[in-house]
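These notes concern the structure reproduced below.
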Amino acid sequence: MGSSAKKKKEKKKDFQKAKLKVGKTKPKAANATDTGFKAKAIALKQQSLSATAPTVEAQCAHQLSLLNHKSDTQRRDSLAYLTTVISTHPPGSPLPQPASVIISTVQRLVLDGSNSVRQQMLKLVQSLPKADVASHTDSLLLHTRAGMTHLSTDIRTFSLEMLEWLLSVAGDEVVSCAGGWVKTLKCFLSLLGWQAQFGSKWSATKSFGKTVGDSKVQVKQMTTLATFLRAGMSQPKQMAAIGSGEVSFPLSQTEHHVLSERSNTFAHLNLFGAARDEEAEMYEDREDRQRVFHELAEPAIAAGLEQATKGGGELGRAGAQLRKAMKEGMADFHGIDNT
């Protein structure tokens, strides 16, 4: 009996609530863990009070990474920062980031949906050294052609501005890079609706004179095409001086005896090369560009201009400038003396 009463008493004790007096602290539990500590100092690893600000190179790399940001304001501000850094950079010294990295990152912004981002992107590439832009013309031209055929009118217009700038700083590289001559001509003829079946790879419906899109965009397209033809078919100044007879006696027909400026003079014969891809080929020689233009584009442009210039106005003036550029560029090919 005594042991049974003792067990009941101990069991009842487990469920009894301790009575606390006023002002007396609650006793700690038997399994409580003491988390208090005292220390004179706290040491954190990898922390220095003399930390310096990030370098310009690191900041530019960070801003380049922000060009993928979903906010167009952030993309524009990052481009503005890079433009300011490059514009104020001492000439002759290395850029904070290689031009190849900058161009490969920003060139896709030709197709950006925000006009402010596109304009700031153009300012950025304009601040780069011309030699660096010329060495990356093929990739810039690829994105520019994609913008020229975009559904948005604003992007198409901006791409034409981009192409005009490329022609002004690296015209020779634009027309002589792989696909730079034929693919760009094909793009223009498709936009203007002047493309017809002149060659197996150039097949489309005959839509000469048909206005494609807004007339202002078509005027811009014709003006840019004239600039493109001048860059690809204009006679070099030194050769023009020789051919015009400005060289004094006894030199005669010097243009036929001067050394070629091309590295592979007889590449046009394709004696040992593989079958050519006419669209993606590099046409480094002016005569080759004239030949291809005559075979594939000249009849289509001539027929399209007949209809475009009849309406007069801005479209007629742009057509007249395009006809003049084509005539001057092909004069010696057809044996016409422009002097």
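Since every read-out is calculated from the coordinates, none of them should be taken as a lab result. Because the structure is predicted, anything quoted here is derived from the model rather than measured. Heads up, the Cβs are rebuilt from the backbone with ideal geometry, glycines too, and the neighbour counts pull from every protein chain shown.
My understanding is that a pair violates if its Cα-Cα distance is over 31 Å; which of 12/38; 6/28; 123/183 do that in this structure?
Beyond 31 Å between Cα atoms: 12/38.
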Residue-span extension gain [residue 12 to residue 279] - 0.36 nm each, minus C-alpha spacing: 86.4 nm
Estimated distance in nm for a label pair at residue 105 and residue 93, the labels positioned 7 Å out from Cα along Cα-to-Cβ: 1.9
Qualifying lysines (Cα of each under 17 Å from Cα of residue 220; at least 8 residues distant if same chain): 186, 210, 324
Dipole magnitude of region 47-181, debye to nearest 20 (Cβ charges: Lys/Arg +1, Asp/Glu -1, about Cα centre): 280
